[in-house]
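Just below is one structure, and these are the notes that go with it.
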Amino acid sequence: MSEIGLSCRVIMHFSLTLEDGTVAESSFDNEPLDFVMGDGTLARGLELALFGLKPGERQRILLTPEQGWGQRDEGQIHTLGRDRFPEDMTLEPGVIIGFTGEEGQEIPGLVLEAGEDTVKVDFNHPLAGHAIRYDVEILDVIPGGQAGE
């Protein structure tokens with residue numbers, strides 16, 4: 001029976017629970033997650049905790065903010081001119097907007113405040129600063145596999 005190692009294709013169910021007990025995401029009632037170890041799909045701390053697990057195993061994994069998405073960085077909060085947004089765009093606290101990064105990647109930003117002339121946007125990962133609990137069930141491990149094969 002194969003165990004999880006670098007470049008293995010892994011098919012697993014998971015749930016992600018915040019410190020207050022809120023389940024932020026779960027695949028247990030849906031399609032399982034299918035990925036290749038090391039491809040950047042998972043937080044590094046979670047990926048490291050999966051090494052050596054085998055199909056059929058269940059595991060509860062607790063990650064500190066540093067093991068997950070890091071601490072919140074106030075330097076990732078930016079005040080932008082309202083003129084940088086389309087006039088018809090709804091800008092109010094809680095709205096998530098997709099921005100294009102310098103390398104063409106999409107970066108989500110959370111609107112914190114929207115004034116007449118400026119918009120304050122938080123570019124921290126939504127889970128930054130949170131301790132996370134993952135419950136995982138490994139369904140299959142394929143050595144050297146590619147996700148989605």
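Residue by residue, here is whether (1) assigned to a strand (DSSP E or B); (2) surrounded by fewer than 18 Cβ atoms within 10 Å (Cβ to Cβ) holds:
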residue	(1), (2)
Ser2	no, yes
Gly5	no, yes
Met12	yes, no
Leu16	yes, no
Gly21	no, yes
Gly45	no, no
Ala49	no, no
Lys54	no, yes
Leu62	yes, yes
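Residues of region 67-98 that are of a type in the set (A, V, I, L, M) and farther than 16 Å from Glu116 by Cβ: Ile77, Val95, Ile96, Ile97.
Pairs meeting the criteria (first residue in region 62-85 and outside the structural domain of Pro108 (by TED's automatic domain parsing), second residue assigned to a loop (DSSP other than H, G, I, E, B) and loosely packed, with under 14 Cβ neighbours inside 10 Å, beta carbons under 7 Å, at least 6 apart or on different chains) are Pro65/Gln71. Within region 26-43, can you find the residues that are touching a strand residue (DSSP E or B) at 6+ places or on another chain (Cβ under 7 Å) and either outside the structural domain of Asp135 (by TED's automatic domain parsing) or loosely packed, with under 13 Cβ neighbours inside 10 Å (or both)? Selection gives Phe28 alone. For region 11-27, a residue qualifies if it is more than 15 Å from the chain's Cα centre (by Cα) and free of Cβ contacts under 8 Å to residues at least 40 places away in the same chain, and the qualifying residues are Asp20, Gly21, Thr22. Picking from residues in region 91-126 that are polar (S, T, N, Q) and surrounded by 10 or more Cβ atoms within 10 Å (Cβ to Cβ), the one that is farthest from Gln67 (Cα to Cα) is Thr118. Entry remark, region 124-141: residues being at pLDDT 95 or above and among the hydrophobic types (A, V, I, L, M, F, W, C) number 4 in total.
The values are calculated or read from the model by the stated rules, or taken from the named source; none is laboratory data. Predicted model, so just to flag it, every value in this text is computed and none were measured. Quick reminder, even Gly has a Cβ in these numbers, built from the backbone with ideal geometry, and neighbours come from all protein chains shown.
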